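Colleague: Structure provided below as structure tokens; questions to follow.
The values are calculated or read from the model by the stated rules, or taken from the named source; none is laboratory data. The structure presented is a predicted model; accordingly, all values stated were derived computationally and were not measured. A quick note on method: Cβ atoms are made from the backbone with ideal geometry, for glycine too, and the neighbour counts reach across all protein chains shown. Surface accessibility is based on the protein's heavy atoms, side chains included, excluding ligands, DNA and RNA. Shrake-Rupley method; radii C 1.70, N 1.55, O 1.52, S 1.80 Å.
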Amino acid sequence: MKPPAPLPRSWSKKGRAAAFCNLPLLLLIGAIQFLVIYSPAMDRYMVMVTKGKPGFPSLLLDGRRGFKLVEEESIPEPRVRCDFADPRSDVCELEGAIRIRGSTSEVFVVAPGGADGLLAANVTGLAPGMNATSWTIQPYTRKGEVRVMRSIATLTVRVVSPGDAPPCTVRHDVPAVVYSNGGYCGNYYHDFNDNIIPLFVTARHLGGEVQLLVAQKQAWWFHKYREIVDGLTNYEAVDLGSGDGDGEEVLCFRRATLGLRSHKDLSIDPRRAPRNLSMVDFKRFLMWRYALPREHAIRTDEEEAAGAGRRRPRLLVVTRRSRRRFVNLPEIVALAEEVGFDVTASDLMSASSATASAKNKAAGGVGGEGHSLMADASKLVNSFDAMVAVHGSGLTNLVFLPMNAVVVQVVPLGRMEGLAMDEYGVPPRDMNMRYLQYNIAAEESTLSEVYPRAHPVLLDPMPIHEQSWSLVKDVYLGKQDVRLDVRRFRPVLLKAIQLLR
């Protein structure tokens, strides 16, 4: 056996001593490389710590805040892009060092040189006459309705120097979206039209990496729609006006959007949405969140080719417990079955959910009634191929129908045709569905049993429209039921069958 080879000269005793002496330097270099490579991952880990995960002592939270305060000594030049010209909502997009104090409803945009040193080009889109260093915004999507906007929280945006900005208490590494959960919150149509769809437009493209800051937050609402909200953000929504804990909490961001973008009633304009999001994208988002099985409605021509085992298309007749009810519902169901539908009549969410939500709000809790109703209603609606409903919030359930389904809106008396088309006629077409509109005659309204045949309420509703919208709601939406003329309505159902081919 050969003797072992001698050690290389580099591994002689002198070489080993030199290597040992350089060990601290090597460890230092390794530590620097580790911090450079893994700093983003550790930063995300520390965000988890600040979220209050169980098992982490408060000492870590304090260290996190202190670390970030040092980091923020470098203040970037801010950029503010607002849109106060849109008729539906005001929106401001902020970039830079953004600090939000919910207790005073203030948003601070920190500029290195303060308000005096802010470049005019860095603040765009304010309304004429607005001060570029301090302005207010109401983050709700009904800006044209003075009555409801009186109840909406107002945010004050201030451009300040670093010395005038309140110190950060919590630092977020994701952008913020700030909006109000007040107004018509609780009305099924407005929940989708004023909150859910605008929130989808504003936040969906961020892939969940967004922090919602909610003024006038309704806990029961977030519980009822938790599948939708959890699909848009990975983080618990923050109540800006909760008053819990330290009232001077200051949340710090690098980007923030104040207000939600709203394009049109119960729909989206893909040309104006991030990544060209559309109502088809929204429908698929709902299918994902509620695990809805049917993407497309039945094709009756394919079923006819199947012969004896063919299925009939399913029709949902949405009923109401309040006004605008079908008073001859059995006749309508019999007619629909005669022309070829399997028919189910249900009130779904239109009244029962509102009752459950009202009871729950009165009790001051979140409960599970609204949440379970949403899950059940979405799956039920998705099982149908066509829907018939009188104009009202029950038609909002059309968002759960499969694509290619047919929506039939029955419009009550009172010159409501334009409103009905805007609110429930355009959305089905934007979701790749078919739409039919049936405008009832005076004889089909129960108002004909209250007023003489020649009365202006029946013959000329326009003067009532010109007086006030509240009078229109009181007479035409609040005091009328519908008795469909089944002979006159029959061609509409036959057309619905044809559209399913």
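Colleague: Using +1 at the C-beta of Lys and Arg and -1 at the C-beta of Asp and Glu, which of Tyr225, Gly129, Gly117 has the Cα lying farthest in the positive direction of the dipole of region 79-274?
Modeller: Highest projection toward the positive end goes to Gly129.
Colleague: Go through 89-95, 187-193 and give me the packing order, highest mean Cβ count within 10 Å leading.
Modeller: Going by the mean number of other Cβ atoms within 10 Å, highest first, we get 89-95, 187-193.
Colleague: Sticking with this structure for a sec: Mind jotting down the three principal axis lengths of region 91-147 based on Cα atoms? Whole angstrom, largest first.
Modeller: 40, 29, 16
Colleague: Of the beta bridges DSSP finds with both residues in region 79-274, what % are antiparallel, to the nearest 5?
Modeller: Restricted to region 79-274, the bridges split so that about 55 percent are antiparallel.
Colleague: Same structure, new question: Any chance you could list P(r) for region 448-501, counting all Cα-Cα pairs in 10 angstrom bins from zero, rounded to whole %?
Modeller: In order of increasing distance, the bins hold 20, 34, 25, 19, 2 percent.
Colleague: Listed highest first by mean packing, meaning other Cβ atoms within 10 Å per residue, what order do 143-150, 481-488, 222-229 come in?
Modeller: Highest-to-lowest ranking by the protection proxy: 222-229, 481-488, 143-150.
Colleague: While we're on this one: Can you give me the % of accessible surface on region 79-274 that is carbon or sulfur? Probe 1.4 Å, all protein chains present, nothing else counted.
Modeller: 47
Colleague: If you take the alpha carbon radius of gyration of region 79-274 and divide it by 2.2 N^0.38 Å, what ratio comes out, to two decimals?
Modeller: That works out to 0.98 for region 79-274.
Colleague: Report the Cα-based extents of region 171-302 along its three principal axes, largest first, to the nearest Å.
Modeller: Principal extents (largest minus smallest coordinate, Cα): 65, 29, 25 Å.
Colleague: While we're on this one: Rounded if a/c is under 1.5, else prolate if a/b is larger than b/c, else oblate: which is region 253-342, with a ≥ b ≥ c the root eigenvalues of its Cα gyration tensor?
Modeller: Oblate.
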